1. Which of (1) crowded, with 17+ Cβ neighbours inside 10 Å; (2) aliphatic (A, V, I, L, M); (3) under 25 Å from R73 (Cα atoms) does V352 not meet, given it meets every other one?
2. For the range 292-345, which positions are in contact (Cβ under 8 Å) with a residue 24 or more places away in the chain, under 23 Å from R73 (Cα atoms) and exposed (fewer than 15 other Cβ atoms within 10 Å of the Cβ)?
3. Suppose the filter is within 23 Å of D356 (Cα to Cα), surrounded by fewer than 21 Cβ atoms within 10 Å (Cβ to Cβ) and hydroxyl-bearing (S, T, Y); does S128 pass it?
4. Among residues belonging to the range 241-266 that are aliphatic (A, V, I, L, M) and under 20 Å from the mean Cα position of the chain (by Cα), point out the one that is farthest from I219 (Cα to Cα).
5. Residues V46, V52, V83, V75: which one is surrounded by 14 or more Cβ atoms within 10 Å (Cβ to Cβ), without any contact (Cβ under 8 Å) to a residue 60 or more places away in the chain and either within 22 Å of L284 (Cβ to Cβ) or among the β-branched types (V, I, T) (or both)?
6. Considering I182, I221, I144, I150, which residue is of a type outside the set (G, A, S), buried (at least 19 other Cβ atoms within 10 Å of the Cβ) and more than 16 Å from the chain's Cα centre (by Cα)?
7. Scan the range 188-211 residue by residue and report those that are surrounded by 14 or more Cβ atoms within 10 Å (Cβ to Cβ), within 23 Å of the chain's Cα centre (by Cα) and of a type outside the set (A, V, I, L, M, F, W, C).
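The values are calculated or read from the model by the stated rules, or taken from the named source; none is laboratory data. Just so it is clear, the model here is predicted, and its values are computed rather than measured. Note: ideal-geometry Cβ built from the backbone for every residue, glycine included; neighbour counts use all protein chains shown.
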Amino acid sequence: MGIAHKSFKSKHRVLQLFIFLFVLLSGFQAMAYDSLFTVEGITVDVTAENSVAARDEALAKAQRDAFTVLAKRMVAEGQVGEVSIPDDDTLNDFVRDFEVTNEKLSAIRYIGTYTFRFREKEISQYFSYSGVRFTNKSSKPLLIIPFFQIENKTVLWENNPWLSAWANADLSGGLVPVKVPIGDLMDVSDIDGPRGIRDVSPIRLNAMLERYNASEAVILIAMPDRPLAEAKENDIAPAGTLSVTVYRVDRTQPERVRDLVYDVDNDETRSDFFKRVVLGIHQLLQVDWKQKTAASILQTRTYEVRLAVVSIQEWVKIQRNLMGVVGLSDLEIKSMKPKEVHLTFKFRGDVVQLRDALSRNGLDMDLSGDPDFTRQKKPVYDVQKDSKVMYKPHSIGSGGFYTPPEPAAGDEQFIHTF
């Protein structure tokens with residue numbers, strides 16, 4: 001009896017530890033939402049009867065402008081117009097806090113620049129009641145590797161206007177956080193550059209991701225035509241075209257996923273043109289992420305899953321991955337076994353969207369949903385740690401770029417950041 005009692009007590013303590021870790025990680029998840037619900041750089045200039053009235057009107061206007069920015073950021077393309085701006089009293093309740101800088105005040109005029117932090121729950125509920133599709137989670141940081149290729153010459157770290165354009169652009173405030181390598185000795189050691197994509201080693205790329213705290217990388221190879229290549233940085237480019245090839249590198253080999261072409265506008269300098277292209281690609285990243293993750297509250301369903309785990313350490317990692325899934329909420333543990341966890345959660349999307357969302361967070365999901373818990377009306381889906389190797393060393397051929405691998409069977413719906 002004493003041994004049995006000790007065993008039960010031990011299991012009880014393990015369960016308590018699981019619950020403690022779940023609460024702790026939930027706090028980490030809440031912290032991760034802050035940047036998405038923060039709107040910066042809202043500048044207003046208001047004239048009124050007196051300074052007090054001008055300041056009050058400026059705050060109200062700034063809140064409305066900030067809400068508009070947040071709606072454009074979160075709501076699916078084409079549905080932003082369906083979301084009305086709340087009245088000022090309601091909007092006040094949506095704001096957690098705000099900061100104001102660069103204030104200028106006269107007898108009848110007020111100028112200020114605001115930063116607003118909105119309440120996640122209230123904003124999400126408002127968009128839900130509006131009946132639109134929206135996303136309420138930003139992606140994990142994306143590391144940009146910008147190669148610049150002129151004819152047969154490829155550069156990365158030295159004399160690379162494409163890298164400079166990315167490094168100097170304002171890329172804050174989006175759904176997809178972007179990081180750009182600084183090109184220090186460690187970066188140069190990891191990726192040399194002259195051979196282009198053939199210089200990218202999976203192992204060394206992993207080291208860069210860890211160093212920049214990024215979860216994914218994208219290679220952007222920019223190729224100017226002759227007129228653009230010959231234009232100086234601050235000179236008006238008489239004409240020119242920049243072709244940008246996008247490669248994803250989260251599989252065993254880099255994979256070409258998109259080709260983009262940009263033309264120089266009239267009276268546009270080369271540096272201004274590159275800045276415009278960078279901001280355009282950055283916006284495409286935001287739109288792509290929103291299209292792949294947005295869903296409406298009407299699509300919210302309750303899912304029941306069985307998680308295969310081999311240790312408490314793995315369970316903690318899997319739980320952290322689950323908490324990073326866009327649209328997943330109300331996670332509840334039903335039962336726990338030494339190597340299996342039975343749980344339920346709500347997800348804003350269908351089962352295919354759930355499978356894709358889990359895949360983005362390192363988890364495999366079996367769509368067959370074979371129930372083996374007693375008297376379950378809904379299927380119980382098997383979920384386990386992703387078995388795919390993200391960066392597997394492989395041999396590099398002597399010519400050209402990698403040949404993109406054929407997608408695995410059933411993997412056509414795999415969704416990545418871009």
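1. So V352 meets the others, but not (1).
2. Of everything in the range 292-345, those that are in contact (Cβ under 8 Å) with a residue 24 or more places away in the chain, under 23 Å from R73 (Cα atoms) and exposed (fewer than 15 other Cβ atoms within 10 Å of the Cβ) turn out to be L298, Q299.
3. Judged against the criteria, S128 is a match.
4. By that ranking, first place goes to V257.
5. Residue meeting the stated conditions: V83.
6. I221
7. P202, R204, N206, R211
Yes/no matrix, rows are residues, columns are (1) part of a helix (DSSP H, G or I); (2) out of contact with any strand residue (DSSP E or B) (no Cβ under 8 Å at 6 or more places or on another chain); (3) of a type in the set (V, I, T):
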residue: G41; (1), (2), (3): no, no, no
residue: V46; (1), (2), (3): no, no, yes
residue: D56; (1), (2), (3): yes, yes, no
residue: F67; (1), (2), (3): yes, no, no
residue: K72; (1), (2), (3): yes, yes, no
residue: G78; (1), (2), (3): no, yes, no
residue: S84; (1), (2), (3): no, yes, no
residue: I111; (1), (2), (3): no, no, yes
residue: T115; (1), (2), (3): no, no, yes
